[in-house]
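Notes to accompany the following structure.
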Amino acid sequence: MIRRIVYIVLFATICWGFAAAQTNGTSDQTVFGYRFGVGGGMGVSAISINDLTSYLNVIHVPDIINRVSEFSAAVEFFGSFDLFLHTDYGAGLEYSYLLGSHTIETGFGSNVFSYSYHMPLLLGHYIVAGSEYFFKFGGGIGYILSRYKEDVTEFPEPLIYTGGGVGGKLQAVGHTPFGESLFGYIGVEMRFALPGSVTDDEGNTLTDGREDVSLNFFSFGLKFGLMFYF
């Protein structure tokens, strides 16, 4: 049900945005005369998945010296679509794929614990434009899909768990021109996701023996990319 509501909101916003762009006048109502843009890139984030960190340190870390730290590095790949509604305002859609892992050495070999998130978001921006460059300040919300995998040497097959829930972010993005329609992208952001607990294909929930382990996270990161505006 939640996913359907998100899809409906996304569709309605896109339709409203195109209608607004058509009725807002000529090019002086958009940034540098552009109506929309597409692009993508990659980034790196410092991410805290509190429940997962506690779970690994309690269940899988053999000694206190090798404990998993609260924040770790995660890589992100993203694609985005921007729509200018007015000189000062814009909307957009973004899809990001974020992934990371922890490797823990034991007497039996290396155990790998990996996680990933599919993160489609509906975005809104306030735009500040200079003579050629412009900045976007805003954020968004969407439905986040999570996946967790344990590849442990003692088990014959990897264990895979999935979940889903709401998530969002705040961001500041700067664009500088590389050509007539090509702009560089550099952004900073803070994210949150609340996908909750995760389950395997048989409905078994990941647990530390006392409580369910959620993949809720908080992160802040830096992103680079390219955007084409038309």
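Between the DSSP loop rule and a limit of at most 14 other Cβ atoms within 10 Å, which GluC sites (Glu not before Pro) in segment 171-230 are left? Could the numbers behind the result be given before it?
Working: sites: GLU180, GLU189, GLU202, GLU211; in loops: GLU180, GLU202, GLU211.
Taking segment 171-230 and a limit of 14 other Cβ atoms within 10 Å, the loop GluC sites (Glu not before Pro) found are GLU180, GLU202, GLU211.
For labels at THR207 and SER114 in the simple 7 Å Cα→Cβ model, what's the distance in nm?
According to this spin-label approximation, the distance is 2.8 nm.
In whole Hz and in residue order, list the ³J(HN,Hα) couplings for segment 134-140 that follow from phi through the Karplus curve 6.51 cos²θ - 1.76 cosθ + 1.60, θ = phi - 60°; x for Gly and Pro.
Here the 3J(HN,Hα) series is 8, 10, 10, 10, x, x, x Hz.
How would you classify segment 82-186 from its alpha-carbon gyration tensor, with a ≥ b ≥ c the square roots of the eigenvalues: rounded for a/c under 1.5, else prolate if a/b is greater than b/c, otherwise oblate? Before the final figure, lay out the partial values.
Details: a/c = 4.31, a/b = 2.50, b/c = 1.73.
Here segment 82-186 falls in the prolate category.
Read-outs throughout are calculated quantities, based only on the coordinates presented, and are distinct from any laboratory measurement. Everything quoted here is computed from the prediction, not taken from an experiment. In this analysis, Cβ positions are derived from the backbone assuming ideal geometry, glycine residues included, and neighbour counts consider all displayed protein chains.
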